[in-house]
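Written below as C-alpha cells is the structure these notes are about.
The values are calculated or read from the model by the stated rules, or taken from the named source; none is laboratory data. Please read these numbers as outputs of a predicted model, since none were measured by experiment. Here Cβ is always computed from backbone atoms with ideal geometry, including for glycine, and neighbour counts include all displayed protein chains.
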Amino acid sequence: MKMRSRDARRGRMRALTTAVSVVAGTATGGVLLWQGYQWALDRFVYSNEAYAIRRLELRHEGRLRPDQIRQWANVHPGQNLLALDLDRVRYDLELNPWIAWADVEAHRPDGIRLTVWEREPVAQVVVWRFSVGDGRAWPETNYLDAAGFVLPPLRREWVKPGESIDFSFLPQLVGLDGYPVIPGQVLRHRMAHAALELIRAYEWSSLYPLVDLDRVDVSGSHLLTGMLRQGTEVTFATFDFERQMRHWRSIHDYGERHGLVAASLDLSITNNLPVRWRTNAVSPESPPPRPAKPKRSPPRHV
C-alpha cells in the first residue's frame, strides 16, 4: 500500500511538473513571438520611409488659417502614416469649438487629407466672467451657432489675413441672466433655441437686407420680443416663423408706401392688424453705424 501511494504521488508530481513546463514554455514562446512581431512591425512598417507622410492635403473655404488647422491636427511631414492615430487627429481638431466636424483620411503610401467644417455664428450673447483669485469681473461676448453651440471669441491669430472677426452685426440674445453660457457646450434653453430658429428664418427672408434685428429677448415663457435698431419692437410666436416673416414683410411694405414708421407690431397674432404706427412720421434718431451684414450663405467647410 505504501509503495503504491508513493508511486501515485510521484506520478502526480511528474504530471504537475510537465504541465508547468508546458505552460512556461508556451508563455516564453508567446513572449518571444510577440517581441519578434513588434520588432518586425517597427522595422518594416513604422520605420519604413515609404510610409512617411509627404503629402498633407487640406480642404478649406473658411476663415481659419490653414497653418492653424495643421497645428491643431498635430500632423507633420515625416510622421509615419500607418502609426498615425486618425481618430486622435480628428478628436484634436474637434476640440476647438469653432470646428464643427472633421474628417481625416489616409491615402497610402504617404498622403493624408484633412477636411474641416467650421461653425457659423448666428447670434451673440454677452456674459459676465469672474476671476475667483482677484475678484475681477468683465463682460465677454460669446456666439451661438444655429444649434445653440456656444463659441468663444474668435482670436485674430486663428484667421486668415483680411477675414473679419467682428460679428457685432449679429442679433444679440438677452434675458439669459443667471443662465450658464459655457463655450464648447450646447446652450440648453428652450426659448433661446426658439430665438435661433427665428434668427435663421429672418436671415433667409426678404426682410434681411431691409431691417436690422438688433436683439431678441428670451426671458418670456411663450413669446419672443425683438427690437430693431430703428426702435421698433416686434413680438413673435415661437413657431411658424415663415408665416410671421411674410406678415412682417407685408406690414413693412405698407409702411414704406405710406411713409409710416411702426412703433411696435405683434406677429404672434394671426387674425387682425398687429401694428401700432408712430404718431409722427419721423423715425427716431438713427443709431451709430455698425459693420454691414454679410449676405448669408450655407454653412461652409474648411
- Within segment 190-210, restricting attention to residues that are under 16 Å from Ala123 (Cβ atoms) and aliphatic (A, V, I, L, M), which residue is surrounded by the fewest Cβ atoms within 10 Å (Cβ to Cβ)? Ala201
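Assigned to a strand (DSSP E or B) and of a type outside the set (Gly, Ala, Ser) - does that describe any residue in segment 89-98?
Filtering segment 89-98 down to residues assigned to a strand (DSSP E or B) leaves none.
There is no residue in segment 89-98 that is assigned to a strand (DSSP E or B) and of a type outside the set (Gly, Ala, Ser).
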- Query: Does segment 162-182 contain at least one residue that is touching a His at 6+ places or on another chain (Cβ under 7 Å), more than 19 Å from Asp92 (Cα to Cα), aromatic (Phe, Trp, Tyr) and in a loop (DSSP other than H, G, I, E, B)?
  - Reply: yes
- Considering residues of segment 139-163 that are free of Cβ contacts under 8 Å to residues at least 40 places away in the same chain and over 23 Å from Leu187 (Cα atoms) only, the residue surrounded by the most Cβ atoms within 10 Å (Cβ to Cβ): Arg156
- Among the listed residues Trp128, Trp158, which satisfies the condition of being at pLDDT below 95 and out of contact with any Lys or Arg (no Cβ under 6 Å at 6 or more places or on another chain)? Trp128
- Message: Could you check segment 65-77 and list, in sequence order, the residues that are closer than 16 Å to Arg90 by Cβ and in contact with a helix residue (DSSP H, G or I) (Cβ under 8 Å, 6 or more places away or on another chain)?
- Response: Ile69, Trp72, Ala73, Asn74, Val75
- Message: Looking at segment 78-135 only, could you name the residues that are touching a helix residue (DSSP H, G or I) at 6+ places or on another chain (Cβ under 6 Å) and farther than 22 Å from Glu61 by Cα?
- Response: Asn80, Leu81, Leu82, Ala83, Pro109
- Query: Which residues, taken from segment 101-117, are in contact (Cβ under 8 Å) with a residue 60 or more places away in the chain and more than 17 Å from Tyr51 (Cα to Cα)?
  - Reply: Thr115, Val116, Trp117
- Query: Do any strands (runs of 3 or more DSSP E) lying entirely in segment 188-293 carry at least 1 residues that are in contact with a Pro (Cβ under 6 Å, 6 or more places away or on another chain) and either modelled with pLDDT of 95 or more or in the same structural domain as Asp166 (by TED's automatic domain parsing) (or both), and which ones are they?
  - Reply: 213-217, 262-266
- Message: I'm trying to understand the selection: among the residues of segment 136-159, which are over 19 Å from the mean Cα position of the chain (by Cα) and assigned to a loop (DSSP other than H, G, I, E, B)?
- Response: Arg136
- Task: Scan Leu56, Leu82 and give me the residue that is surrounded by fewer than 17 Cβ atoms within 10 Å (Cβ to Cβ) and either assigned to a loop (DSSP other than H, G, I, E, B) or modelled with pLDDT under 95 (or both).
- Result: Leu82
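Let's see how each residue does on (1) surrounded by fewer than 14 Cβ atoms within 10 Å (Cβ to Cβ); (2) not assigned by TED's automatic domain parsing to the domain that holds Ser164:
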residue	(1), (2)
Asp92	no, yes
Ile99	no, yes
Glu105	yes, yes
Arg108	yes, yes
Arg113	no, yes
Trp128	yes, no
Asp134	yes, no
Ala137	yes, no
- Message: Please go through (1) within 18 Å of the chain's Cα centre (by Cα); (2) outside the structural domain of Asp253 (by TED's automatic domain parsing) for Pro183 and return the number of the only condition it doesn't satisfy.
- Response: (2)
